[in-house]
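Okay, so here's the structure we're looking at.
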Amino acid sequence: MTQTAIALNDKIADASMMLQVSGLNVYYGESHILRDVDLSVPKGEMVCLIGRNGVGKTTLLKTVMGLLKPRSGSINFAGQPILSKTTDQRARAGIGYVPQGREIIPRLTVRENLLLGYEARQHPPRNRQEIPEEIFELFPILKDFLPRMGGDLSGGQQQQLAIARAIMGQPQLLVLDEPTEGIQPSIILDIERAVRSIIAKTGISVLLVEQHLHFVRQADRYYAMQKGGIVASGPTSELSNDVIQRFLAV
Ligand SMILES: Nc1ncnc2c1ncn2[C@@H]1O[C@H](COP(=O)(O)OP(=O)(O)OP(=O)(O)O)[C@@H](O)[C@H]1O
Ligand SMILES: [Mg+2]
């Protein structure tokens, strides 16, 4: 009787979480990079991971995506353990990933780059040549640039393309690694606006690594990382100047 109740409680707790990372330890060779990391992304929320250069933020995202294998710990997505899944399987399960530095394909057109996003869908649409209008509502600039080579776009435009491509996969969780790095302020605002609009329209969850304070403040919750461990967390409304100065390169 009691055990059933506990099991039910566990399920209820899990059901509110899109992503749950627990006790994660990751090494590069013998260097211990991530130390006992716990981090959760509630459904429909945006969570921001902050921390100075080299503390392990990208390492955490790569581990979530299956590009790195942890030595210990667990990762649950939508209540299911995913550590045994490949990167492609995680993408098809509903995790859209925009790596640091964008990684669009420069020698494919904008259209071709976008269509690649369908690969991440479990059930691609019948017409795989058509790009949904919502993509252009989010990123109007991409419509004019469809025939251009990806590599001919500016950094900010490439970032928009990379996010749009991830959205083409209809993810439940969008993982963004420093989307505003090296991008001019006006485009930063466009990207922020698009991410907020994606959340409002689709109810998607977002895990964001970000240094730009204005964008960090759009998130519901933050986690601060130092030397591979989580050292502070809470609602972003409670993000104090002290925490900002310690963990953001501002
Ligand atoms: N392929 C690798 N092999 C060995 N060490 C690595 C490798 N990639 C990263 N590291 C080291 O792991 C640590 C964490 O790197 P990571 O890229 O996760 O940091 P980060 O927080 O994303 O930094 P940034 O803000 O500069 O993107 C750093 O000390 C880095 O030098
Ligand atoms: Mg990084």
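The values are calculated or read from the model by the stated rules, or taken from the named source; none is laboratory data. These numbers come from a predicted model, not from an experiment. Neighbour counts are summed over all protein chains in view; Cβ atoms, including those assigned to glycine, are modelled from backbone coordinates with ideal geometry.
I'd like the residue in the range 109-152 that is of a type in the set (S, T, N, Q) and modelled with pLDDT under 95 and, out of all such residues, is farthest from residue 192 (Cα to Cα).
127
Residue under question is residue 248, and the condition is that it be within 18 Å of the chain's Cα centre (by Cα) and either in contact (Cβ under 8 Å) with a residue 60 or more places away in the chain or under 24 Å from residue 95 (Cβ atoms) (or both); does it hold? Give the derivation first.
On the way: within 18 Å of the chain's Cα centre (by Cα): no; either in contact (Cβ under 8 Å) with a residue 60 or more places away in the chain or under 24 Å from residue 95 (Cβ atoms) (or both): yes.
No.
Residues that are within 10 Å of ligand 1 (Cβ to nearest atom) and aromatic (Phe, Trp, Tyr): does the range 70-77 have at least one?
Going residue by residue through the range 70-77, those that are within 10 Å of ligand 1 (Cβ to nearest atom) are none.
No, because not a single residue in the range 70-77 is within 10 Å of ligand 1 (Cβ to nearest atom) and aromatic (Phe, Trp, Tyr).
Can you tell me which of 162, 166 is within 16 Å of ligand 2 (Cβ to nearest atom) and within 14 Å of the chain's Cα centre (by Cα)? Give the derivation first.
On the way: 166 fails: within 16 Å of ligand 2 (Cβ to nearest atom).
Just a single option satisfies the conditions, and that option is 162.
Among helices (runs of 4 or more DSSP H) lying entirely in the range 81-173, which contain 2 or more residues that are β-branched (Val, Ile, Thr)?
155-168
Please work out which residue is surrounded by the most Cβ atoms within 10 Å (Cβ to Cβ), limiting yourself to the range 69-80 and to residues that are over 16 Å from the mean Cα position of the chain (by Cα) and assigned to a loop (DSSP other than H, G, I, E, B). So that I can check it myself, show each step before the final result.
So the first thing to find is which residues in the range 69-80 are over 16 Å from the mean Cα position of the chain (by Cα), and the list is 69-74, 79-80.
Now narrow it down to the ones that are assigned to a loop (DSSP other than H, G, I, E, B): 69-71, 79.
On the way: 69: 10, 70: 21, 71: 10, 79: 14.
Per the criteria, the residue is 70.
Any residue in the range 122-133 that is touching a helix residue (DSSP H, G or I) at 6+ places or on another chain (Cβ under 9 Å), touching a residue at least 24 places away in the same chain (Cβ under 8 Å) and closer than 20 Å to residue 148 by Cα?
yes
To keep it simple, each residue is scored yes or no on (1) among the basic types (Lys, Arg); (2) assigned to a helix (DSSP H, G or I); (3) modelled with pLDDT of 90 or more; (4) closer than 23 Å to residue 244 by Cβ.
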position	(1), (2), (3), (4)
6	no, yes, no, no
19	no, no, yes, no
23	no, no, yes, no
36	no, no, yes, no
49	no, no, yes, yes
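Has the range 193-211 got at least one residue that is in contact with a Phe, Trp or Tyr (Cβ under 9 Å, 6 or more places away or on another chain), among the polar types (S, T, N, Q) and away from ligand 2 (no atom under 16 Å from the Cβ)?
First, the residues of the range 193-211 that are in contact with a Phe, Trp or Tyr (Cβ under 9 Å, 6 or more places away or on another chain): 194-195, 208.
Of the ones still in play, those that are also among the polar types (S, T, N, Q) are none.
Among the residues of the range 193-211, not one is in contact with a Phe, Trp or Tyr (Cβ under 9 Å, 6 or more places away or on another chain), among the polar types (S, T, N, Q) and away from ligand 2 (no atom under 16 Å from the Cβ), which makes the answer no.
Within the set of pairs 6 or more residues apart or between chains, which connect a residue that is more than 24 Å from residue 58 (Cβ to Cβ) inside the range 102-118 to a residue that is assigned to a loop (DSSP other than H, G, I, E, B) with Cβ atoms less than 6 Å apart?
109/147; 110/145; 110/146; 110/148; 111/146; 114/131; 118/124; 118/128
If I ask for residues that are within 16 Å of ligand 1 (Cβ to nearest atom) and buried (at least 18 other Cβ atoms within 10 Å of the Cβ), which ones from the range 185-213 would you list? Let's see the steps before the verdict.
If we filter the range 185-213 for residues that are within 16 Å of ligand 1 (Cβ to nearest atom), which is where we start, we get 207-213.
Of everything in the range 185-213, those that are within 16 Å of ligand 1 (Cβ to nearest atom) and buried (at least 18 other Cβ atoms within 10 Å of the Cβ) turn out to be 207, 208, 209, 210, 211, 212.
Could you give every pair whose Cβ atoms fall below 9 Å, whose first residue belongs to the range 200-212 and is modelled with pLDDT of 90 or more, and whose second residue is within 12 Å of ligand 2 (Cβ to nearest atom) and hydroxyl-bearing (Ser, Thr, Tyr), counting only separations of at least 6 or pairs across chains?
Once the first residue is modelled with pLDDT of 90 or more and sits in the range 200-212, its partners that are within 12 Å of ligand 2 (Cβ to nearest atom) and hydroxyl-bearing (Ser, Thr, Tyr) give 209/58.
Being among the basic types (Lys, Arg) and over 12 Å from residue 90 (Cα atoms) is the filter; apply it to the range 62-79 and report the residue that is nearest to ligand 2 (Cβ to nearest atom).
Within the range 62-79, the subset among the basic types (Lys, Arg) is 62, 69, 71.
Keeping just the survivors that are over 12 Å from residue 90 (Cα atoms) gives 69, 71.
Working: 69: 18, 71: 20 Å.
Among those residues, the one meeting the criterion is 69.
Which residues, counting only those in the range 34-58, are near ligand 1 (Cβ under 9 Å from one of its atoms), buried (at least 22 other Cβ atoms within 10 Å of the Cβ) and of a type outside the set (Gly, Ala, Ser)?
Across the range 34-58, the qualifying residues are 34, 49, 57.
If I ask for residues that are closer than 22 Å to residue 146 by Cβ and in a loop (DSSP other than H, G, I, E, B), which ones from the range 174-201 would you list?
The answer is 179, 183.
Conditions (1) farther than 21 Å from residue 120 by Cα; (2) polar (S, T, N, Q), marked per residue:
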{"residue": "138", "(1), (2)": "no, no"}
{"residue": "155", "(1), (2)": "yes, no"}
{"residue": "160", "(1), (2)": "no, yes"}
{"residue": "170", "(1), (2)": "no, yes"}
{"residue": "181", "(1), (2)": "yes, no"}
{"residue": "186", "(1), (2)": "yes, yes"}
{"residue": "198", "(1), (2)": "no, no"}
{"residue": "234", "(1), (2)": "yes, no"}
